[in-house]
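Presented below is the structure to which this report refers.
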């Protein structure tokens with residue numbers, strides 16, 4: 001529905017006519033907003049008015065007068081025209097083509113004004129459409145059924161570098177870059193020939209051999225019989241966005257390499273074996289691991305799962321593990337975790353629009369004291385096997401990190417009683433909708449029957465983990 005158009009009208013008739021004329025104009029106020037003057041004497045407007053409705057009695061056949069009327073009005077409707085060939089010829093020569101003879105019927109004037117208003121509405125709508133098409137910051141192309149270009153707007157010329165004469169009656173092959181293979185175009189034509197709208201991204205080539213990316217829709221245009229006659233393509237140039245995305249992708253890949261370089265290596269000595277497998281949901285995940293030999297008899301391990309993904313989550317995970325590595329050298333395990341939690345609480349208080357919460361497993365393995373100290377901070381169960389291959393589960397009895405400043409409880413076990421330790425993140429079972437208790441039962445069975453070399457691969461297969469995952473998946477095992 002188009003907005004009402006403003007239309008300027010002068011009415012110069014006798015008193016018996018102008019009331020009826022004004023009523024006729026009022027009928028069209030849903031489409032037009034009329035600015036109407038009722039003239040008693042000639043008062044030509046200072047800018048061009050759309051319409052003059054005038055009685056022939058107020059008209060003179062003076063050459064300069066008639067010429068002046070056409071300079072001030074787009075159209076003239078003449079009422080009560082005398083049946084005089086000389087008069088009719090004079091007004092015809094000055095472009096006054098709408099007139100009614102003396103004794104006209106009201107219905108005749110109604111029809112004349114209706115035709116004028118309909119014509120004016122169509123002109124205004126066409127003007128708006130023309131302005132939209134020519135001013136649009138999208139390429140608009142119309143082709144025939146064979147794909148030959150019949151119309152393209154200025155933005156398409158600007159984007160492609162081709163003038164109208166160069167692409168008219170040619171197919172869009174003129175801007176093919178060679179990037180897309182034949183099946184791409186086969187699918188496009190199959191879609192639009194079936195009457196459906198095609199959506200996709202073109203990688204095209206301009207006249208100066210530069211590639212440009214265009215996000216486009218192609219719509220079949222049908223006639224009144226439902227037959228496809230033409231195709232309309234509307235495209236948005238996304239070259240800048242695509243180049244920025246490509247650049248960002250390079251930066252993210254570089255960040256991924258840096259983060260991977262900070263992950264620990266698998267570890268093996270005469271007392272302990274550590275190994276892990278980590279799969280990220282996207283280029284930058286929220287899971288991170290730390291493992292290190294702190295001194296002659298102590299080892300420290302941390303598995304961190306930040307709620308969320310992306311660079312910010314990865315940076316939080318890196319910060320947490322780096323703090324743990326630094327504190328673990330000289331602080332007791334619980335004080336190290338509490339210091340990290342306090343930092344996260346402060347961050348969340350200062351940045352409430354992007355809160356970060358962390359679950360984690362923090363561990364100190366001390367061979368001089370023959371103990372393993374564990375803090376499970378809101379994380380999933382830690383699964384251990386004792387020397388008899390019986391399972392031991394250490395559930396969380398601590399709050400997740402970043403919510404409230406609090407003390408963290410340490411679980412302490414004798415190293416001489418433990419054969420192995422296994423921990424994981426929730427992506428292992430949530431990616432395929434497996435219930436948590438079911439997942440624990442499967443893992444218990446596998447860690448008792450599978451060798452460490454085959455455990456990770458078997459777990460990923462058992463839980464149906466593919467490359468296309470919905471959350472980070474991290475598996476860690478420590479053998480004593």
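Taking the listed residues 320, 306, 358, the one that is within 22 Å of residue 380 (Cα to Cα), touching a residue at least 60 places away in the same chain (Cβ under 8 Å) and touching a strand residue (DSSP E or B) at 6+ places or on another chain (Cβ under 6 Å) is 320, with no other qualifying. Looking for something in contact (Cβ under 8 Å) with a residue 60 or more places away in the chain, at negative phi, in the same structural domain as residue 222 (by TED's automatic domain parsing) and part of a strand (DSSP E or B) - is there at least one such residue anywhere in the stretch 147-154? Yes, the stretch 147-154 contains a residue that is in contact (Cβ under 8 Å) with a residue 60 or more places away in the chain, at negative phi, in the same structural domain as residue 222 (by TED's automatic domain parsing) and part of a strand (DSSP E or B). Determine whether the stretch 301-309 contains at least one residue that is surrounded by fewer than 16 Cβ atoms within 10 Å (Cβ to Cβ), modelled with pLDDT of 90 or more and assigned by TED's automatic domain parsing to the domain that holds residue 421. No, every residue in the stretch 301-309 fails to be surrounded by fewer than 16 Cβ atoms within 10 Å (Cβ to Cβ), modelled with pLDDT of 90 or more and assigned by TED's automatic domain parsing to the domain that holds residue 421. If you go through the stretch 40-71 and keep only what is surrounded by 18 or more Cβ atoms within 10 Å (Cβ to Cβ) and either in a loop (DSSP other than H, G, I, E, B) or under 59 Å from the mean Cα position of the chain (by Cα) (or both), you end up with 49, 50, 51, 52, 53, 54, 59, 69.
This table checks each residue for (1) closer than 21 Å to residue 396 by Cα; (2) at pLDDT below 90; (3) within 43 Å of the chain's Cα centre (by Cα).
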position: 314; (1), (2), (3): no, yes, yes
position: 326; (1), (2), (3): no, no, yes
position: 341; (1), (2), (3): yes, no, yes
position: 346; (1), (2), (3): no, no, yes
position: 357; (1), (2), (3): yes, no, yes
position: 365; (1), (2), (3): yes, no, no
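Please find, within the stretch 256-279, the residue that is nearest to residue 377 (Cα to Cα) out of those that are surrounded by 13 or more Cβ atoms within 10 Å (Cβ to Cβ) and at pLDDT below 75. Selected residue: 259.
Does the stretch 123-134 contain any residue that is surrounded by 14 or more Cβ atoms within 10 Å (Cβ to Cβ), outside any loop (DSSP other than H, G, I, E, B), in contact (Cβ under 8 Å) with a residue 12 or more places away in the chain and touching a helix residue (DSSP H, G or I) at 6+ places or on another chain (Cβ under 8 Å)? Spell out the reasoning first.
Taking the stretch 123-134 as the starting set, the residues that turn out to be surrounded by 14 or more Cβ atoms within 10 Å (Cβ to Cβ) are 124, 133.
Filter again for outside any loop (DSSP other than H, G, I, E, B), leaving 124, 133.
Filter again for in contact (Cβ under 8 Å) with a residue 12 or more places away in the chain, leaving 124, 133.
Among the residues that remain, those that are also touching a helix residue (DSSP H, G or I) at 6+ places or on another chain (Cβ under 8 Å) are: none.
No, the stretch 123-134 contains no residue that is surrounded by 14 or more Cβ atoms within 10 Å (Cβ to Cβ), outside any loop (DSSP other than H, G, I, E, B), in contact (Cβ under 8 Å) with a residue 12 or more places away in the chain and touching a helix residue (DSSP H, G or I) at 6+ places or on another chain (Cβ under 8 Å).
When the stretch 362-382 is filtered for residues that are crowded, with 18+ Cβ neighbours inside 10 Å and outside any loop (DSSP other than H, G, I, E, B), the ones remaining, listed by number, are 362, 363, 364, 365, 366, 372, 373, 374, 375, 376, 377, 382.
Check the stretch 346-356 and report whether any residue there is surrounded by fewer than 16 Cβ atoms within 10 Å (Cβ to Cβ), in the same structural domain as residue 267 (by TED's automatic domain parsing) and under 22 Å from residue 277 (Cα atoms). Among the residues of the stretch 346-356, not one is surrounded by fewer than 16 Cβ atoms within 10 Å (Cβ to Cβ), in the same structural domain as residue 267 (by TED's automatic domain parsing) and under 22 Å from residue 277 (Cα atoms), which makes the answer no. For the stretch 433-445, taking the residues that are surrounded by 15 or more Cβ atoms within 10 Å (Cβ to Cβ) and either at pLDDT below 90 or under 38 Å from the mean Cα position of the chain (by Cα) (or both), the one that is nearest to residue 268 (Cα to Cα) is identified as 439.
The values are calculated or read from the model by the stated rules, or taken from the named source; none is laboratory data. The structure presented is a predicted model; accordingly, all values stated were derived computationally and were not measured. Note that we place each Cβ from the backbone using ideal geometry, even for glycine, and neighbour counts take in every protein chain shown.
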